[in-house]
Structure formats: structure tokens, C-alpha cells
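Readers should treat all values here as calculations from the given coordinates under stated rules, not as data from a laboratory. Bear in mind that the values here come from a model prediction, so they are computed numbers and not experimental data. Note that each Cβ is placed from the backbone with ideal geometry, even for glycine, and that neighbours are counted across all protein chains shown.
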Amino acid sequence: MPKNKLSREELAERVAVAPFHQWLGLELTNMDEKGIELTVPWREEFVVNVELGYTHGGVLATLIDVAADYAIAAKLGRPVPTIDMRVDYHRPAFQGNLIVKAQALKLGGNFCTGEAQVYDEKGKLLASGRGVYLSVPLG
């Protein structure tokens, strides 16, 4: 796997610029040549089941998509649009910060593949997924 083209500061700035990412509260908490880590503070708006208080699966899928995208962006020097994605849900995400770890798996001329895992504060795996991203610059 090639070295990162973006520094930690550059990637953190790119992650933080989107209004949706700001609403989510995404924070780049770690980055190295193997991948990235994002921390997401708990929001009451994440809850889908008010009786049990667990997070909507779409929130977890979003975090997998964003993190895998930015793991690839670190390598390419820019974010990339999602073409396809799959998510596996392993257990409910209850109240508490979420930690998302992501890695670029393959960087191709037209397509890239990345994967991500969402954990709770205790380190339990909540969801994992893999995405395919368009690596050809748009425009």
C-alpha cells in the first residue's frame, strides 16, 4: 500500500469541512499508514428505538462509508465518491461515543476498495462494512 498523500492535519481539515460531518461531530483521532480512526460523540438523534435506545443502522452505515472513504482519501490525496457498499450489523449501538476504524484495501486506476469497523467505547464491534469508490477524478 502506498504512503499517505495527506498529513493528519490535512485529512482532519477535510473531514471537518462538510456540514453533515460537523453535525455528526466527526473527529479524526488517529491516522497512520495502516488506516484512520474517527470518534463520533453520542447524539440523541441517532436513536431509532426509543424504548431500548439503540442507534439507527443508517447512522452506522454512514460512519462506515465516511471512514472508508477518508482512509482512501489519505492515500490518494482527495475524497472519492461511493459506488457500492455493504454493511454487516453485529450488535446494537447504545448510548456512548462511537469509534470507527478504517483501512484502504485496494487502490486501482478506476476503483478503490476500503473497509471500516464501528466499535462502542468498550471496544465491542457493532458493525463492519466494505465499500467500492470511484478513484477517477470527477469533472
Handout entry: Proxy reagent accessibility, fewest Cβ within 10 Å first, across Trp23, Trp42
Key = Trp23, Trp42
Exercise for the section: List the relative contact order of the chain as a percent without decimals, with contacts defined as Cα pairs under 8 Å and 6+ residues apart. Expected result: 24 percent
Completion exercise
Residues Phe20, Phe94 in order from fewest to most other beta-carbon atoms within 10 Å are Phe20, Phe94
Exercise for the section: For Phe111, enumerate residues with amide H under 5 Å from its amide H, sequence gap 5+ or separate chain, H modeled in the peptide plane. Expected result: Ser135
Exercise for the section: Calculate the dipole size of the range 8-134 relative to its Cα centre from +1 charges on Lys and Arg beta carbons and -1 charges on Asp and Glu beta carbons; express the result in debye to the nearest 20. Expected result: 340 debye
Problem - Nearest-ten-degree value, helix 8-17 long axis tilted from longest Cα axis of the chain - result: 60 degrees
Completion exercise
In the neighbourhood of Tyr119 defined by beta carbon distances under 12 Å, the net charge of the other residues (Lys, Arg +1; Asp, Glu -1) is +1
Fill in the blank from the handout: With 0.36 nm assigned to each residue of separation and the Cα-Cα distance removed, Asn97 to Leu125 gains 8.8 nm
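Taking 25 Å as R0, compute the FRET efficiency from the Cβ-Cβ separation of Lys3 and Asp84 and round it to 0.05.
It comes out at approximately 0.40.
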Exercise for the section: With label points built 7 Å along Cα→Cβ from the Cα atoms of Glu51 and Asp32, find their separation and express it in nm. Expected result: 4.5 nm
Completion exercise
GNM on the chain, Cα springs under 10 Å; top mean-square fluctuation among Tyr70, Tyr119, Tyr54 goes to Tyr54
Exercise for the section: Enumerate lysine pairs in the range 1-136 that are 8 or more residues apart or on different chains, then count those whose Cα atoms are under 21 Å apart. Expected result: 16
Exercise for the section: Could you work out which residue, out of Ala102, Ala16, Ala67, moves most in a Gaussian network model of the chain, that is, has the largest mean-square fluctuation with Cα springs under 10 Å? Expected result: Ala16
Fill in the blank from the handout: Label model pair Trp23, Glu44: point-to-point distance (7 angstrom along the Cα→beta-carbon line) in nm is 1.7 nm
Handout entry: Between the range 21-59 and the range 75-105, the alpha-carbon center distance in angstrom
Key = 10 Å
Practice task
Using only Cα atoms, find the angle between the long axis of helix 57-76 and the longest principal axis of the chain, and express it within 0 to 90 degrees, rounded to the nearest 10.
Solution key: 20 degrees
